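Enquirer: Have a look at this one.
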Amino acid sequence: MTIAKVKFEPTGDGGPSLARATRFVLGLTPEAIPPEVMERAALLLLDTLGVAIAAIPMDPGVIARETAVRLHSTQDPAFSARLMFDGRRVSLAGAAFASTTAIDNLDAHDGYNPTKGHIGVVVIPTLAALAETLPHLSGPEALAALVVGYEVSGRAATALHATVPEYHTSGAWNALGVAAMVARLRRFTPGQLREALGIAEFHGPRSQMMREIATPTMLHDGSSFGAMVGVTSAIQAELGFTGAPAVTVEDPEVIPHWADLGEVWQVPLQYIKPYPTCRWAHAALDGLRALFLAHDIRTDEIARVDVRTFFNAVELYSGVPDTTSRAQYSMEFPLAAMVVYRRVGVEHIAGDGLKDPAVIAMMSRIHVVEDAHYTANYPAKRWADVTITLKDGRVLESGLIHARGGPEAPFGQAEIVEKFREFAVPVLGEARATAICERVLGLTAPGSRFSDLAHLLYTPSTQKD
């Protein structure tokens, strides 16, 4: 690992990576994107909306919306948007901030192993905010903007991780993807895009991820301020503020991270989470799930559960969580819920689920240790294996497990729709959730418009069917 130079000599035109990014962000047409990438973008949109809906009543989202209303109100229709599933109008930056905060604090949104973080959490709220100022935005163009956000964020992330020693939260780099989306949809010049990327990188919150793992709070993965910084930076650039260069784009050292932009697509490589917990726990959860599907065993037959996994997963919160934040950044707690209930849902990591005596009692039977081989393959692989020892002496072993939902074991449309419904229907009701699903999946059609979703996305969640 190398350390980023404090100073480098940018070329006058920003170099080959900026040139490639500029052509991609400002010149990409929906027709140039492979159909399977567009279809996956629609599914990622649907999945993240499901998480956003389930997060509506949770405290972080409530607080973030109130913060946006108090601090980010504006009367200019060109720079404002309604809050998703709320309806009150705030600034573009405030709208992106509020929805991202809610999603970030219900840890069921998509991610990407090489970035060690999350992209959909910021790009979906950004699209929803910007679409308020673009009533004629077509479905394909909306999905193309999402693709831009995913692809730019992913490369900014790998460039940052490769050139600095610290493990930063996602907000440190996904702010650049947000800025790129604003630049595309508001038709920036190449010069404005360059300044926007530089401002977003400079102000992106380089907060410490492992600090949040050690003491989980509502700060979560830093994406809330990544979204706000990305939108704010782009509007500043639109008005003439300067901030270029972005080192993670223009430094010659990072050229390899941008060389395949527009050729190798990262959108299909995003993982979908089946559980609302940190991805680091998912391989172990899937190992337990696989054993329960393969063997007819009762919970009271289990003497102990042993998990081997990579170092970062071992470092997840090990005590009895008293908050949703700690429950989501825990290993033993969701594993215990899986043992007791054979699933892990929103109800297990929030409210009364945090006090469930059966889950808390089961935690003492779960033992998690590091496997050096698994650690050596992180972050590209998030491996674990699980052993269940029964009271009668039988030993059941999962073998090496890849977490479901990623490239090794991808979810198809039916599974993603099922997850969306699980998250959305209890909050919005059957009819509204179904309508959102149908319209999102229909955005790939040439004649579709994002505004077809408007009354479904911005009307308060209290209005169900």
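The values are calculated or read from the model by the stated rules, or taken from the named source; none is laboratory data. Source: prediction; values computed, not measured. No Cβ is skipped: glycine too gets one built from the backbone with ideal geometry, and neighbour counts run over all protein chains shown.
Enquirer: Within the range 155-169, does at least one residue satisfy the condition of being more than 23 Å from ASN312 (Cβ to Cβ) and among the aliphatic types (A, V, I, L, M)?
Expert: Step one: of the range 155-169, the residues more than 23 Å from ASN312 (Cβ to Cβ) are none.
No.
Enquirer: Still on this structure, I have one more. Looking at GLY94, is it within 21 Å of the chain's Cα centre (by Cα) and of a type outside the set (S, T, N, Q)? Even if it seems obvious, please write down each step before you answer.
Expert: Values: within 21 Å of the chain's Cα centre (by Cα): yes; of a type outside the set (S, T, N, Q): yes.
It is true that GLY94 is within 21 Å of the chain's Cα centre (by Cα) and of a type outside the set (S, T, N, Q).
Enquirer: If HIS109 passes every condition in (1) assigned to a helix (DSSP H, G or I); (2) closer than 30 Å to LEU269 by Cα but one, which one does it miss?
Expert: Every condition holds for HIS109 apart from (1).
Yes or no, residue by residue, for (1) in contact with a helix residue (DSSP H, G or I) (Cβ under 8 Å, 6 or more places away or on another chain); (2) hydroxyl-bearing (Ser, Thr, Tyr); (3) closer than 25 Å to LEU18 by Cβ:
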{"residue": "PRO205", "(1), (2), (3)": "yes, no, yes"}
{"residue": "THR248", "(1), (2), (3)": "yes, yes, yes"}
{"residue": "LYS273", "(1), (2), (3)": "yes, no, no"}
{"residue": "ALA281", "(1), (2), (3)": "yes, no, no"}
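Enquirer: Another question, then. Residue under question is ILE63, and the condition is that it be part of a helix (DSSP H, G or I), surrounded by 21 or more Cβ atoms within 10 Å (Cβ to Cβ) and of a type in the set (Val, Ile, Thr); does it hold? Even if it seems obvious, please write down each step before you answer.
Expert: Working: part of a helix (DSSP H, G or I): yes; surrounded by 21 or more Cβ atoms within 10 Å (Cβ to Cβ): no; of a type in the set (Val, Ile, Thr): yes.
The answer is no for ILE63.
Enquirer: Hey, another quick one. Among the residues of the range 130-179, what is the count of those that are under 17 Å from the mean Cα position of the chain (by Cα) and farther than 17 Å from PRO205 by Cβ?
Expert: Of the residues in that region, 12 qualify.
Enquirer: Go through the range 66-80 and give me each residue that's free of Cβ contacts under 8 Å to residues at least 60 places away in the same chain and either over 23 Å from LEU428 (Cα atoms) or buried (at least 22 other Cβ atoms within 10 Å of the Cβ) (or both). Steps first, please.
Expert: So in the range 66-80, the residues free of Cβ contacts under 8 Å to residues at least 60 places away in the same chain come out as 66-78, 80.
Those that are free of Cβ contacts under 8 Å to residues at least 60 places away in the same chain and either over 23 Å from LEU428 (Cα atoms) or buried (at least 22 other Cβ atoms within 10 Å of the Cβ) (or both): THR67, ALA68, ARG70, LEU71, HIS72, SER73, THR74, GLN75, ASP76, PRO77, ALA78, SER80.
Enquirer: Kindly provide the set of residues from the range 220-249 that are surrounded by fewer than 24 Cβ atoms within 10 Å (Cβ to Cβ), among the polar types (S, T, N, Q) and either within 22 Å of the chain's Cα centre (by Cα) or outside any helix (DSSP H, G or I) (or both), ordered by number. Quick ask: steps written out before the conclusion?
Expert: Step one: list which residues in the range 220-249 are surrounded by fewer than 24 Cβ atoms within 10 Å (Cβ to Cβ), which gives 225, 235-236, 238-245, 247.
When the remaining residues are screened for being among the polar types (S, T, N, Q), the result is 236, 242.
Listed by number, the list holds a single entry, THR242.
Enquirer: Within the range 435-446, track down each residue that is without any contact (Cβ under 8 Å) to a residue 60 or more places away in the chain and either on the phi > 0 side of the Ramachandran plot or surrounded by fewer than 16 Cβ atoms within 10 Å (Cβ to Cβ) (or both). Walk me through it before giving the result.
Expert: First pass over the range 435-446, keeping only residues without any contact (Cβ under 8 Å) to a residue 60 or more places away in the chain: 435, 438-439.
Within the range 435-446, GLU438 is the sole residue that qualifies.
Enquirer: When you look at ALA424, is it surrounded by 20 or more Cβ atoms within 10 Å (Cβ to Cβ) and either within 16 Å of ALA54 (Cβ to Cβ) or assigned by TED's automatic domain parsing to the domain that holds LYS381 (or both), yes or no? Walk me through how you get there before you give the answer.
Expert: Working: surrounded by 20 or more Cβ atoms within 10 Å (Cβ to Cβ): yes; either within 16 Å of ALA54 (Cβ to Cβ) or assigned by TED's automatic domain parsing to the domain that holds LYS381 (or both): yes.
Taking the combined requirement at face value, the residue satisfies it.
Enquirer: What are the pairs with Cβ atoms under 7 angstrom where one residue, in the range 32-51, is touching a residue at least 24 places away in the same chain (Cβ under 8 Å) and assigned by TED's automatic domain parsing to the domain that holds VAL122 and the other, located anywhere, is in a loop (DSSP other than H, G, I, E, B) and of a type in the set (Val, Ile, Thr)? Sequence gap at least six, or different chains.
Expert: ASP47/ILE272
Enquirer: Taking GLY287, is it touching a residue at least 60 places away in the same chain (Cβ under 8 Å), within 24 Å of the chain's Cα centre (by Cα) and assigned by TED's automatic domain parsing to the domain that holds TYR341? Steps first, answer last, please.
Expert: Values: touching a residue at least 60 places away in the same chain (Cβ under 8 Å): yes; within 24 Å of the chain's Cα centre (by Cα): yes; assigned by TED's automatic domain parsing to the domain that holds TYR341: yes.
Yes, satisfied.
Enquirer: Could we say that GLU263 is surrounded by fewer than 20 Cβ atoms within 10 Å (Cβ to Cβ), free of Cβ contacts under 8 Å to residues at least 12 places away in the same chain and over 19 Å from GLN413 (Cβ atoms) here? Quick ask: steps written out before the conclusion?
Expert: On the way: surrounded by fewer than 20 Cβ atoms within 10 Å (Cβ to Cβ): yes; free of Cβ contacts under 8 Å to residues at least 12 places away in the same chain: yes; over 19 Å from GLN413 (Cβ atoms): yes.
Spelling it out, GLU263 is indeed surrounded by fewer than 20 Cβ atoms within 10 Å (Cβ to Cβ), free of Cβ contacts under 8 Å to residues at least 12 places away in the same chain and over 19 Å from GLN413 (Cβ atoms).
Enquirer: Right, something else. Against the condition surrounded by fewer than 24 Cβ atoms within 10 Å (Cβ to Cβ), assigned by TED's automatic domain parsing to the domain that holds HIS220 and in contact with a Gly (Cβ under 8 Å, 6 or more places away or on another chain), how does ASN113 come out, does it pass? I'd like the intermediate steps shown before the answer.
Expert: Values: surrounded by fewer than 24 Cβ atoms within 10 Å (Cβ to Cβ): yes; assigned by TED's automatic domain parsing to the domain that holds HIS220: yes; in contact with a Gly (Cβ under 8 Å, 6 or more places away or on another chain): yes.
For ASN113, the condition - surrounded by fewer than 24 Cβ atoms within 10 Å (Cβ to Cβ), assigned by TED's automatic domain parsing to the domain that holds HIS220 and in contact with a Gly (Cβ under 8 Å, 6 or more places away or on another chain) - is met.
Enquirer: Now for a separate question. Mind checking which residues of the range 297-333 are of a type in the set (D, E, K, R) and not in a helix (DSSP H, G or I)? Talk me through it step by step, then tell me what you get.
Expert: First, pick out the residues of the range 297-333 that are of a type in the set (D, E, K, R): 298, 300-301, 304, 306, 308, 315, 322, 326, 332.
Residues satisfying the conditions are ARG298, ARG304, ASP306, ARG308, GLU315, ASP322.
Enquirer: Against the definition (aliphatic (A, V, I, L, M), under 30 Å from ALA52 (Cα atoms) and assigned to a helix (DSSP H, G or I)), how does ALA403 come out, yes or no? Walk me through it before giving the result.
Expert: Working: aliphatic (A, V, I, L, M): yes; under 30 Å from ALA52 (Cα atoms): yes; assigned to a helix (DSSP H, G or I): no.
Taking the combined requirement at face value, the residue does not satisfy it.
Rundown of residues vs (1) out of contact with any Pro (no Cβ under 6 Å at 6 or more places or on another chain); (2) not assigned by TED's automatic domain parsing to the domain that holds THR242; (3) not aliphatic (A, V, I, L, M), yes/no style:
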{"residue": "VAL148", "(1), (2), (3)": "yes, no, no"}
{"residue": "THR158", "(1), (2), (3)": "no, no, yes"}
{"residue": "HIS161", "(1), (2), (3)": "yes, no, yes"}
{"residue": "VAL164", "(1), (2), (3)": "yes, no, no"}
{"residue": "GLY171", "(1), (2), (3)": "no, no, yes"}
{"residue": "ALA175", "(1), (2), (3)": "yes, no, no"}
{"residue": "VAL182", "(1), (2), (3)": "yes, no, no"}
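Enquirer: Output the number of residues of the range 34-60 satisfying the condition of being more than 17 Å from VAL417 (Cβ to Cβ) and either under 15 Å from the mean Cα position of the chain (by Cα) or not in a helix (DSSP H, G or I) (or both).
Expert: 5
Enquirer: Of the numbered conditions (1) modelled with pLDDT under 95; (2) of a type outside the set (A, V, I, L, M); (3) within 20 Å of TYR167 (Cβ to Cβ), THR375 fails exactly one; give the number of that condition.
Expert: The single condition THR375 does not satisfy is (1).
Enquirer: Can you work out which of the residues in the range 334-390 that are assigned to a strand (DSSP E or B) and among the β-branched types (Val, Ile, Thr) is surrounded by the fewest Cβ atoms within 10 Å (Cβ to Cβ)? Reasoning before the result, please.
Expert: At the first step, the residues of the range 334-390 found to be assigned to a strand (DSSP E or B) are 366-370, 384-390.
Among the residues that remain, those that are also among the β-branched types (Val, Ile, Thr) are: 366, 368-369, 386-389.
Values: ILE366: 22, VAL368: 21, VAL369: 9, VAL386: 27, THR387: 17, ILE388: 23, THR389: 16.
Restricting to residues being assigned to a strand (DSSP E or B) and among the β-branched types (Val, Ile, Thr), the top hit is VAL369.
Enquirer: Only one of (1) part of a helix (DSSP H, G or I); (2) crowded, with 17+ Cβ neighbours inside 10 Å; (3) touching a Pro at 6+ places or on another chain (Cβ under 9 Å) is not met by ALA454, so which one is it?
Expert: If we test ALA454 against (1) part of a helix (DSSP H, G or I); (2) crowded, with 17+ Cβ neighbours inside 10 Å; (3) touching a Pro at 6+ places or on another chain (Cβ under 9 Å), just (2) comes out false.
Enquirer: State whether one or more residues within the range 426-449 are among the hydrophobic types (A, V, I, L, M, F, W, C) and touching an Asp or Glu at 6+ places or on another chain (Cβ under 6 Å). Spell out how you get there, then give the answer.
Expert: Pass one, the range 426-449, residues among the hydrophobic types (A, V, I, L, M, F, W, C): 427-428, 431, 433, 435-437, 440-441, 443, 445.
Next cut, touching an Asp or Glu at 6+ places or on another chain (Cβ under 6 Å) only: 431.
Yes, some residue in the range 426-449 is among the hydrophobic types (A, V, I, L, M, F, W, C) and touching an Asp or Glu at 6+ places or on another chain (Cβ under 6 Å).
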